[in-house]
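Please see the structure below; I have some questions.
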Amino acid sequence: MKPPTDRGSLVLGAYVYAVLTFIIVPLVIVIPMSFSQSDYLAFPPTGFTLKWYAEYFDSRQWRAATWLSVQVALLTAVCASLIGTAATYAMVRGRSRFVALFQILLIGPIIVPHIALAVGLYLFFQTIGLSGTVPGFVLAHTVLTLPFVVFTMAAALGKVDANLEAAAMSCGATRFQAFRFVTLPLVLPSLASGALFAFIISFDEPVVSFFLSGIRQKTLPRRMFEDIEQNLTPVIPAIATLLIVLSIAILLGGHALRSRSKTQSSAG
Amino acid sequence: MGNEIFVKAASTTPATAGASIRISRLEKRFGPVFAVDGVDLDIAAGEFIALLGPSGSGKTTILMSVAGFEFPTSGTIQVDSEDLTYVPSNRRNLGMVFQNYTLFPHMSILDNVAFPLKMRGLPKAERHARAEAALATVRLGGYGNRRPNELSGGQQQRVALARAIVYQPRVLLMDEPLSALDKNLREDMQLEIKRLHAELGITVIFVTHDQSEALTMADRIAVLKDGKIKQIGPARELYERPANLFTASFIGEMNFVDVTVESVGDVVSVGLPWGETWQLPATAAVDGVKAGEAAVMAVRPERLRLGAGAAGQIVNVTLSDIVYAGSAMLLIGRLPDGTEMRARIPGESQLSSLAPGDVASFTVPAAAILLYQGKR
Ligand SMILES: Nc1ncnc2c1ncn2[C@@H]1O[C@H](COP(=O)(O)OP(=O)(O)OP(=O)(O)O)[C@@H](O)[C@H]1O
Ligand SMILES: [Mg+2]
């Protein structure tokens, strides 16, 4: 006898495959296009060449834009994790009456449209001379990425028993030592993924970067938009392909790290 | 054999003398709530004190004030005459055991126990040697390489105990350390803690809401209610002569009968609700009862004797339940006015003839009767 077919699970399966297809199709189109020999974006691609990759790596402008984005994303990841962790710790453990207000302020950037934020930052940074500078980008991106760090850290810190810190302090640890030796190691995987989030979000953030970029200081997404407007050569899919490979590598790396720390903590 | 281990351990570990603790006029308010309301407590060096009371009576708040996790609204806390009231917890050098083990899950057992020594800047080799010794003291030698989640609840709590004593503090604070354990383990751990207390000479403050735990373990028990100490004394005193109605009803089983005081002198005469008048020895009056006022008469169920004897008052009880309770029979019934009365009678030979509905006579020895002001 065959087990009865469950229609619900069939429909669900079909749905899942449809969504996956929808997500994967652009990738399947973009990657072959980056190897196309024609001088403009075309599908299906013709021939095979690596010249668009060569053009990307040879161009001073592309390299400068990439380096700026890497710098900004790294610094943003550091700032957002430091500030986000401290702020979340205060919210989770603190007894202040202003916790609710604080929470709204931190999460605000998710609700406020980025374009509004961008215009505001643009006007403000113009007057104080931060426009088009690394600190300017980092400040703006830190604000944008903080909510993601706060979300991951709130979940992680909420799971750490406050009595563990009390126990550490009764053992002679200062409040900071209790955090450093007990809480931090327990939330480190979440902190790492929060920082990763911040890095990726900052790295391909287009809207605010568009407003804040100067003539010489352009982030990679901003530079890509310019190229799309002016040339529309397959160098764009080449960069996109590189970014896809990089993101997958980062994700797999993070996954490996997490599963390693899990097996370590369960079987020591 | 247990004794041998005890002597050996005691001779290898130098007995650290405990510290004396003085809590004066301690008060802690949370908004309108008086969590602790004027507590005075003098604890001698090496004494084992239990804080016992119903939920919300302020036990944890007192302990946390001593530990330095709560700062009192007013009052002082002195340890060996040093004022610690507002000293941060990490500089008090007190050992602490929490209810839920609170071992650091990412560290090995040895590192857990060595943690206080690390915070005190001891070199690694010495840390580990002393942590091993502390683990041996709680009979967990050789468990150092394991992780907390590989130990049972009782073992985890013993590790927490080792961590609390590893730096030889002079005071050990425990907040319901055994309430997460099942009954058998709890009794083992009670003995373990008693043994450690004797071995180390450390002063212990032990919070519990389990009265039998408090009665068996502590030198003195402080009974708390609404942030106040209602009575403090050794177990026998608390049980045999509770100082007030609250303690009388909180500790152990007690029968209560509302009476009116008719006269107070060499004897106290009280009018019972069913019309009789009893002459009680003046020592029966625990607090100052006055003629013409209401009072409550209290008798422990195990003090009642079945049958009309010579020395004492006689009561007639209409039995409703006869329960076999192992070492004794529990007889439950009603006095002539309807007040419930319980009696615990050891041995069942004389009881076989009794059945629910029967009226049985009991003798209440005069010495077993206590008298308190007020109504029950
Ligand atoms: N942080 C706090 N904020 C407000 N009220 C508190 C706080 N801590 C304790 N209380 C209140 O103080 C009173 C005493 O609490 P405490 O925890 O000391 O009681 P307890 O005797 O330990 O009770 P339990 O047996 O339930 O642990 C309670 O009424 C409690 O609600
Ligand atoms: Mg409590």
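Bear in mind these aren't lab numbers, they're just calculated from the coordinates by the rules spelled out. This is a predicted model, so every value here is computed, not measured. Every residue, glycine among them, receives a Cβ derived from its backbone with ideal geometry; neighbour counts consider all protein chains shown.
Please give the Cα centre distance for the stretch A:224-264 versus the stretch A:76-127, rounded to the nearest Å.
When both Cα centres are located, 27 Å separates them.
Determine the shielding of peptide B:72-80 by partner chains: average, over its residues, the number of Cβ atoms on other chains within 10 angstrom of each Cβ.
Details: counts 0, 0, 0, 0, 0, 0, 0, 0, 0.
Counting Cβ atoms of other protein chains within 10 Å of each residue's Cβ and averaging gives 0.
Starting from the eigenvalues of the Cα gyration tensor, five times each then square-rooted, give me the equivalent ellipsoid semi-axes of chain B, largest first, whole Å. It would help to have the intermediate numbers written out before the result.
Details: eigenvalues 442, 127, 54 Å².
So the equivalent ellipsoid measures 47, 25, 16 Å along its semi-axes.
In square nanometres, what is the average projected area of the Cα convex hull of the protein assembly as shown?
Numbers: hull surface 192.8 nm².
Averaged projected hull area, Cα only: 48.2 nm².
Given R₀ = 22 Å, FRET efficiency for B:THR318-B:THR277 by Cβ-Cβ distance, to 0.05? Intermediate values should be presented prior to the final figure.
Values: r = 21 Å, r/R0 = 0.98.
Computed FRET efficiency for B:THR318 and B:THR277: 0.55.
At a 10 Å Cβ-Cβ cut-off, how would you order A:ILE201, A:ILE110, fewest neighbours first? If you can, show how the numbers build up before the last one.
Values: A:ILE201 18, A:ILE110 13.
By the 10 Å Cβ count, ascending, the order reads A:ILE110, A:ILE201.
So what J values fall out for the stretch B:95-106 if you push phi through Karplus, 6.51 cos²θ - 1.76 cosθ + 1.60 with θ = phi - 60°, rounded to Hz, Gly and Pro as x?
x, 9, 10, 9, 5, 9, 6, 6, 7, 7, x, 8
Along the charge dipole of chain B, Cβ charges K/R +1 and D/E -1, which of B:GLN168, B:LEU331, B:ILE202 sits furthest on the positive end?
My answer, from the dipole projection, is B:GLN168.
Taking amide hydrogens as modeled 1.01 Å from N in the peptide plane, which residues meet the under 5 Å criterion relative to B:ASP80, leaving out close sequence neighbours?
Placed amide hydrogens put B:SER20, B:ILE21, B:ARG22 under 5 Å from B:ASP80.
Hey, any idea what Rg/Rh is for the stretch B:215-293, computing Rh the Kirkwood way over Cα pairs?
Values: Rg = 14.7 Å, Rh = 14.1 Å.
Here the Rg-to-Rh quotient is 1.04.
Which whole-number value in Å³ per residue fits the convex hull of the alpha carbons of the stretch A:1-126? Working shown, then result.
Values: hull volume 36.5 nm³, N = 126.
It comes to 289 Å³ per residue, whole-number rounded.
Sticking with this one: To the nearest 0.05, how large is the calculated FRET efficiency for A:ALA54 and A:ILE228 if R₀ is 22 Å and r is the Cβ-Cβ distance? Each step should come with its number before you reach the end.
On the way: r = 20 Å, r/R0 = 0.89.
After rounding, the FRET efficiency stands at 0.65.
Find the all-direction average of the projected area of the Cα convex hull for the stretch B:237-354, expressing the result in square nanometres with one decimal place. Spell out each step's value before the answer.
On the way: hull surface 31.7 nm².
Averaged projected hull area, Cα only: 7.9 nm².
Same structure again: Write down, largest first, the equivalent ellipsoid semi-axes of the stretch A:146-229 in whole Å, where each equals the square root of 5 times an eigenvalue of the alpha-carbon gyration tensor. Mind dumping the intermediate values first?
Values: eigenvalues 340, 28, 15 Å².
Values for the stretch A:146-229, descending: 41, 12, 9 Å.
Additional query: Based on the mean of other beta carbon atoms within 10 Å per residue, what is the order of A:141-150, A:122-131, B:222-231, B:20-29, most packed first?
Details: A:141-150: 24.1, A:122-131: 13.6, B:222-231: 21.4, B:20-29: 18.4.
So the peptides A:141-150, A:122-131, B:222-231, B:20-29, ranked by packing, come out A:141-150, B:222-231, B:20-29, A:122-131.
Taking beta carbons within 10 Å but only from partner chains, what does the mean come to for residues A:158-170? Can you show the working numbers first?
On the way: counts 0, 0, 1, 5, 1, 7, 7, 1, 8, 14, 7, 10, 18.
Average per residue, whole number: 6.
Next up: What is the average number of partner chain Cβ atoms found within 10 Å of a Cβ in B:91-97?
Working: counts 3, 3, 2, 2, 2, 5, 2.
If you average over the peptide's residues, the count of other-chain Cβ atoms is 3.
Once you have the Kirkwood Rh of the stretch A:60-267 from its Cα pairs, apply Stokes-Einstein at 37 °C and 0.692 mPa s and quote D in µm²/s. Don't jump to the answer; show the numbers that get you there.
Working: Rh = 18.8 Å.
This corresponds to a translational diffusion coefficient of 174 µm²/s.
Count neighbours as other Cβ atoms within 10 Å of each site's Cβ, and list the trypsin sites (Lys or Arg not before Pro) in the stretch A:33-112 that are DSSP loop with at most 15 such neighbours.
Values: sites: A:LYS51, A:ARG60, A:ARG63, A:ARG93, A:ARG95, A:ARG97; in loops: A:ARG95, A:ARG97.
Those that pass, being in a loop and sparsely packed, are A:ARG95, A:ARG97.
Using θ = phi - 60° and the Karplus relation 6.51 cos²θ - 1.76 cosθ + 1.60, list the HN-Hα couplings for the stretch A:69-78 in order, rounded to whole Hz, with x at every Gly or Pro.
Listing the rounded values in order: 4, 5, 4, 4, 5, 5, 5, 4, 4, 5 Hz.
Share of Cα-Cα pairs in the stretch B:95-250 beyond 22 Å, in percent?
Values: 5359 of 12090 pairs.
That fraction is 44 percent.
May I pose another question? With 18 Å as the limit, write out which pairs from B:LYS59/B:LYS225; B:LYS59/B:LYS194; B:LYS28/B:LYS228 have Cα-Cα distances beyond it, or answer none.
On the way: B:LYS59/B:LYS225 9 Å; B:LYS59/B:LYS194 20 Å; B:LYS28/B:LYS228 11 Å.
Distance filter (> 18 Å) returns B:LYS59/B:LYS194.
With a cut-off of 8 Å between alpha carbons and a minimum separation of six or more residues, what is the relative contact order of the stretch B:253-373 in percent?
Dividing the mean separation by the residue count of the stretch B:253-373 yields 31 percent.
Give the value in nm², to one decimal: projected area of the alpha carbon convex hull of the stretch B:17-77, averaged over all directions.
Working: hull surface 16.6 nm².
Spelled out: convex hull of the Cα atoms, projected over all directions, averaged, 4.1 nm².
Using a Cα-Cα cut-off of under 30 Å, which lysines could be cross-linked to A:LYS51, ignoring same-chain neighbours fewer than 8 residues away?
A:LYS218
Here is a further query. On the first, second and third principal axes, largest extent first, how far apart are the outermost C-alpha atoms of the stretch B:324-376 in Å?
Reported extents, whole Å, longest axis first: 38, 23, 18.
Continuing with this model, one more query. Looking only at Cα atoms, what is the convex hull volume of the stretch B:56-120 per residue, in Å³? Before the final figure, lay out the partial values.
Details: hull volume 7.3 nm³, N = 65.
Spread over its residues, the Cα hull of the stretch B:56-120 gives 112 Å³ apiece.
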